[in-house]
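Please read the structure below before turning to the comments.
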Amino acid sequence: MSSLRKIIIDTDPGQDDAAAIMLAFGSPSEIEILGITAVAGNVPLSYTSRNARIICELCGRTDTRVFAGADKPIKRKLVTAEHVHGKTGLDGPVLPEPTMALQQGHAVDFIVDTIRREEEGSVTLCTLGPLTNIALAFEKAPDIVSRIRELVMMGGGFFEGGNITPAAEFNIYVDPEAADIVFRSGVPIVMMPLDVTHQLLTRKDRVGRMAEIGTPPAKAMVEMLEFFERFDVEKYGSDGGPLHDPTVIAYLLKPELFSGRECNVEIETKSELTEGMTVVDWWHVTDRKRNAKVMRFVDADGFFDLLIERFARI
Ligand code: BDR
Ligand code: CA
């Protein structure tokens, strides 16, 4: 197998999703993006599918194929997060409307066809939003599950609790039925929960180093992050906002930045109080199957060094 890792990025941009996509664009000798699939989440699909193209254009990567996927969760009404990301999802910088077109066809079909076509065990799914597109693909074509190399996701939380309810993290909360399908599927999962991402604050010194890069994508990213962090700074008085989604791409590039353990993870879909909770058997108190590698710690300085180094390459 070549060392170039083939990935599909499933995303609901979101400023932190944009940072993840930029990290992948800045790493062309390690990562080949087969396509970007948009899903409804932080903002409705009309915005997320637009925002994904804006990021491609900002980075000069109009050769990237972008597909629109599910516009709502499998069974529920869409919950969005404009309170964090702004009306468009990419609030902050003034960015032109994209001119590159969305690809014809549905994101779910692209995911299925790509995994069937590529060599078995070669495609990694990188999920940065609700898991709707992935669950729909697994339901439509169960044969693809065993062909996937790995699914690396940002989602969930356990010692840290939730960020949209006391118990649930946003990506899982929006579509718990989809998450349940994915965690039960048998696909090898690496999970980046809030426990990790809350250690990655966009502190002034870190964003300042990004600003020093001085390129248009880096400048736009700085303005996005300055908008994005205001929610946490104002609400929690923290030193910046938690940079969630780039953890997924950082893991592909430098897995040694992260540590965690194989656990059973189940998704709560029935309790009104805790729906969307990721119930992580961290202490292995049950015999339930270990279905995910759950990360807990990260080398935050190493993570930001990687991010800044790769942003500078775009
Ligand atoms: C996740 O939810 C979204 O707001 C972010 O983009 C990230 O994917 C964090 O809970
Ligand atoms: Ca996201």
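Values quoted throughout were computed directly from the atomic coordinates according to the rules given, and no laboratory measurement underlies them. Note that this is a predicted model, so its numbers are computed, not measured. With ideal geometry, Cβ positions are generated from the backbone for all residues, glycine too; neighbour counts draw on all protein chains shown.
Calculated FRET efficiency, Thr286 to Thr165, Cβ-Cβ distance, R0 = 25 Å: about 0.55 to the nearest 0.05.
Percent relative contact order of the range 5-311, based on C-alpha pairs within less than 8 angstrom and at least six residues apart? Normalised by residue count, the contact order of the range 5-311 is 20 percent.
The label-point distance for Val233 and Asp71, in a model that sets each label 7 Å from Cα toward Cβ, rounds to 3.6 nm. Looking at the range 86-155, the GluC sites (Glu not before Pro) that sit in a DSSP loop and have at most 12 other Cβ atoms within 10 Å of their own Cβ are Glu119, Glu120. Label-to-label distance for Arg116 and Phe297 is 4.5 nm, based on points extended 7 Å past Cα in the beta-carbon direction.
Our note on the geometry: Cα centres of the range 160-232 and the range 246-314, 11 Å apart.
Summing +1 for each Lys or Arg and -1 for each Asp or Glu, what net charge is found among the other residues whose Cβ lies under 10 Å from the Cβ of Leu125?
Values: positive: Arg149; negative: Asp10, Glu150.
Charge balance near Leu125 sits at -1.
Modelled label positions at Glu30 and Glu212, each set 7 Å beyond Cα in the direction of Cβ, lie 2.1 nm from each other.
Loop-only check: which chymotrypsin sites (Phe, Trp or Tyr not before Pro) in the range 147-246 are DSSP coil with at most 16 other Cβ within 10 angstrom? Show your work: numbers first, answer last.
On the way: sites: Phe158, Phe159, Phe170, Tyr173, Phe183, Phe227, Phe228, Phe231, Tyr236; in loops: Phe158, Phe159.
Hits after loop and neighbour filter: Phe159.
Computed from the C-beta positions of Met100 and Lys219, the FRET efficiency with R₀ = 22 Å rounds to 0.60. What net charge is computed for the residues neighbouring Asp91, neighbours being all others with C-beta under 14 Å from the C-beta of Asp91, Lys and Arg scored +1, Asp and Glu -1? Residues close to Asp91 contribute a combined charge of -3.
Of all beta bridges DSSP finds with both residues in the chain, what is the antiparallel percent, to the nearest 5? Roughly 25 percent of the DSSP beta bridges within the chain come out antiparallel.
Between Thr62 and Arg261, what is the FRET efficiency for a Förster distance of 51 Å, r being their Cβ-Cβ separation, to the nearest 0.05? Working shown, then result.
Numbers: r = 41 Å, r/R0 = 0.80.
Once the sixth-power term is evaluated, E becomes 0.80.
Projecting the Cα atoms of Cys56, Val84, Met224 onto the dipole axis of the chain, where Lys and Arg carry +1 and Asp and Glu carry -1 at the beta carbon, places Cys56 farthest toward the positive end. Candidates Gly162, Val43, Ser29 compared by Cα position along the dipole of the chain: farthest toward the positive end lies Ser29, with charges placed on Cβ. Global dimensions of the chain from alpha-carbon coordinates: Rg and Dmax equal 17.7, 53 Å. Of Lys140/Lys289; Lys140/Lys254; Lys235/Lys293; Lys140/Lys293, which pairs sit farther than 28 Å apart, going by alpha carbon to alpha carbon? Exceeds cut-off: Lys140/Lys254; Lys235/Lys293.
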